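Colleague: Below are the structure tokens for one structure; questions will follow.
The values are calculated or read from the model by the stated rules, or taken from the named source; none is laboratory data. Since this is a predicted model, take the numbers as computed values, not measurements. Note: ideal-geometry Cβ built from the backbone for every residue, glycine included; neighbour counts use all protein chains shown. Accessible surface is based on the protein model in full, side chains and every heavy atom, while ligands, DNA and RNA are left aside. Shrake-Rupley method; radii C 1.70, N 1.55, O 1.52, S 1.80 Å.
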Amino acid sequence: MINKVFDSFDEAVADIPDGASIATGCWGTTSLSQNLIAALKRKGAKDLTLIVHNIIPTLFFTEDEVANLPVLLPQLKKLIAGVVGLQVLGAGAFIKEYVEMGLEVEFTSHGTLASRLYAGAAGLGGIYNPVGVGTILEEGKEKRVIDGKEYILEMPIRPDYAFIRGHKADKLGNVVYWGVYREDHPVMAMAAKVTITEVDEIVEVGEIDPEHVVTQGIFVDRIVKVPEGGLGSPQRAKELLFKVAEIDIVRQILFK
Amino acid sequence: MKQRLEREVIAMRAAKELMDGDYVNLGIGLPNLCALHIPEGVIFHSENGALGYGPLVMQDEVEKADQHYVDAGARYFTPAPGMAIFDLVISFAMIRSGRLITILGGFQVSEKGDLANWNTGEDPLGGTIGGGMDLAVGAKRVIITMEHTTKDGKPKIVKRCTAPLTARKCVDLVITDLAVIEVTPEGLLLKEVAPGWSAAEVQALTEPRLIVARDLKEIEL
């Protein structure tokens with residue numbers, strides 16, 4: 001049986017070249033593949049294209065506590081994202097210095113990004129999308145009227161790599177997720193040429209009920225286990241959650 | 001100066017638009033305040049992949065929070081019986097297939113029902129698109145909750161949006177701190193006014209001409 005299990009995150013990202021495109025999940029600090037992000041930072045590959053739904057500054061942690069996407073900003077050539085920063089904190093101000101140094105930013109809507117990734121995954125030539133008509137998203141794109149309604153052509157996205165935050169993987173790469181960590185990971189795994197997953201647990205083949213598999217092993221190339229209590233582990237995430245909840249302003253944003 | 005409705009009251013009025021069995025997605029900010037007032041049986045959708053989730057975790061019950069359960073605004077929610085979790089391809093199929101009602105915030109709404117709510121237009125990096133465009137285009141009903149005027153008193157209901165658009169001709173109903181206005185093919189129909197306000201006073205703070213409903217009434221909760 002082919003061995004997809006890697007012992008270290010550094011080995012798992014070792015072949016990522018300069019100029020590669022990488023899709024990964026991020027919703028705040030939820031669903032981040034923190035160890036893969038940290039490893040990619042250590043590797044230092046540059047001129048990368050990052051494809052994410054959200055890129056949000058980590059305001060209340062050190063990089064030892066949370067490896068969030070902004071640590072990769074110095075390595076990026078291009079960013080494709082639905083949300084850049086938080087409106088209440090001045091939105092994209094935190095990437096301004098990189099934009100001034102030449103970072104290209106392509107805004108998208110969440111739904112459009114998910115659909116473009118699906119098109120890439122499914123071998124489609126693109127999608128006709130009603131979202132974005134009459135907005136900045138239609139600039140420079142082909143338009144077409146279908147059944148009396150306007151659409152714009154959005155091109156497929158086929159990332160070189162996807163970083164996937166699973167909960168449990170078997171050694172064939174069948175993955176189940178935990179809660180909203182699922183995010184856009186299933187379609188990113190399908191769309192990417194190489195998919196690397198970091199998971200809380202690696203189990204033997206047969207231990208995941210076939211009816212429960214969300215991402216099938218055919219879409220997963222490399223599996224690395226998150227160290228117990230280490231970066232991105234459930235234990236660490238819980239500790240950080242309680243820590244931020246002590247900060248008044250954060251508690252007001254994250255809780256009712 | 002006359003009293004305008006509190007944000008909480010706008011939210012209460014918006015919540016009245018929903019019924020048992022409706023699927024609803026609430027935007028960040030003012031729309032989210034509606035959650036406390038929504039009738040039983042309404043099912044919440046969060047675009048990051050959850051349907052039918054339970055109440056948000058309150059500030060004094062932090063121990064209930066689980067990092068695996070956050071809504072699209074990154075706030076912790078409690079799982080509920082009957083909840084479903086899914087990926088974003090499925091989530092946005094729910095959104096674009098017209099199954100949801102959405103309540104969103106707004107910077108500007110035009111007389112044709114165009115919506116601008118993601119960037120005020122002053123700074124290209126000063127706003128984010130997120131799932132707002134998808135919701136505005138795809139939802140079966142789009143309800144906008146916002147203040148009637150900007151902080152410096154300019155109308156937010158305008159002839160043409162000057163801020164970058166979120167979507168064209170998408171808004172069905174606008175609920176502000178002064179009025180409830182429906183977007184109709186004939187124009188903007190003023191249906192309700194805040195207590196103590198006349199149609200003429202609301203019109204004076206609204207750029208396009210309002211059609212005053214025959215049965216114009218005070219906003220009721």
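Colleague: Which is facing another protein chain (nearest Cβ under 10 Å) and either small (Gly, Ala, Ser) or over 20 Å from the mean Cα position of the chain (by Cα) (or both), of A:Gly125, A:Gly82, A:Gly120, A:Gly102?
Modeller: On the way: A:Gly125 fails: facing another protein chain (nearest Cβ under 10 Å); A:Gly120 fails: facing another protein chain (nearest Cβ under 10 Å); A:Gly102 fails: facing another protein chain (nearest Cβ under 10 Å).
After applying the criteria, what remains is A:Gly82.
Colleague: Further, regarding this structure: What about B:Ala11, is it under 16 Å from the mean Cα position of the chain (by Cα) and hydrophobic (A, V, I, L, M, F, W, C)? Please lay out each step first, then the result.
Modeller: Working: under 16 Å from the mean Cα position of the chain (by Cα): yes; hydrophobic (A, V, I, L, M, F, W, C): yes.
Judged against the criteria, B:Ala11 is a match.
Colleague: In addition: Yes or no: B:Leu88 of a type in the set (A, V, I, L, M) and more than 8 Å from chain A (Cβ to nearest Cβ)? Step through it out loud before you land on a result.
Modeller: Numbers: of a type in the set (A, V, I, L, M): yes; more than 8 Å from chain A (Cβ to nearest Cβ): no.
So B:Leu88 does not fit the description; no.
Colleague: Now for a different question. Quick check: anything in the stretch B:118-127 touching a helix residue (DSSP H, G or I) at 6+ places or on another chain (Cβ under 8 Å), within 26 Å of B:Leu18 (Cα to Cα) and aromatic (Phe, Trp, Tyr)?
Modeller: The answer is yes; a qualifying residue exists.
Colleague: Right, next: Looking only at the stretch B:30-51, count how many residues are on the phi > 0 side of the Ramachandran plot and surrounded by 16 or more Cβ atoms within 10 Å (Cβ to Cβ). Steps first, answer last, please.
Modeller: From the stretch B:30-51, those on the phi > 0 side of the Ramachandran plot are B:41, B:49; that's our starting set.
From what is left, the residues that are surrounded by 16 or more Cβ atoms within 10 Å (Cβ to Cβ) are B:49.
Residues flagged as on the phi > 0 side of the Ramachandran plot and surrounded by 16 or more Cβ atoms within 10 Å (Cβ to Cβ) within the stretch B:30-51 amount to 1.
Colleague: Considering only the stretch B:114-221, give the strands (runs of 3 or more DSSP E) lying wholly within it that have at least 1 residues that are in contact with an Asp or Glu (Cβ under 7 Å, 6 or more places away or on another chain) and open to solvent by 20 Å² or more (accessible area, probe 1.4 Å). Break it down into steps so the answer makes sense when it comes.
Modeller: Values: elements: B:141-145, B:173-175, B:179-184, B:187-193, B:210-218.
Strands (runs of 3 or more DSSP E) meeting the threshold: B:141-145, B:179-184, B:187-193, B:210-218.
Colleague: Find the residue count for the stretch B:54-85, including only residues that are more than 7 Å from chain A (Cβ to nearest Cβ) and under 17 Å from B:Leu33 (Cβ atoms).
Modeller: 5
Colleague: Among the candidates B:Asp60, B:Asp20, B:Asp66, which residue alone is under 25 Å from A:Leu86 (Cβ atoms) and open to solvent by 50 Å² or more (accessible area, probe 1.4 Å)?
Modeller: Going through B:Asp60, B:Asp20, B:Asp66 in turn, just one is under 25 Å from A:Leu86 (Cβ atoms) and open to solvent by 50 Å² or more (accessible area, probe 1.4 Å): B:Asp60.
Colleague: Under 7 Å between Cβ atoms, at least 6 apart or on separate chains: pull out the pairs that start in the stretch A:204-223 with a residue that is among the aliphatic types (A, V, I, L, M) and end on any residue that is part of a helix (DSSP H, G or I).
Modeller: A:Val214/A:Arg182; A:Val214/A:Pro186; A:Val220/A:Ala189
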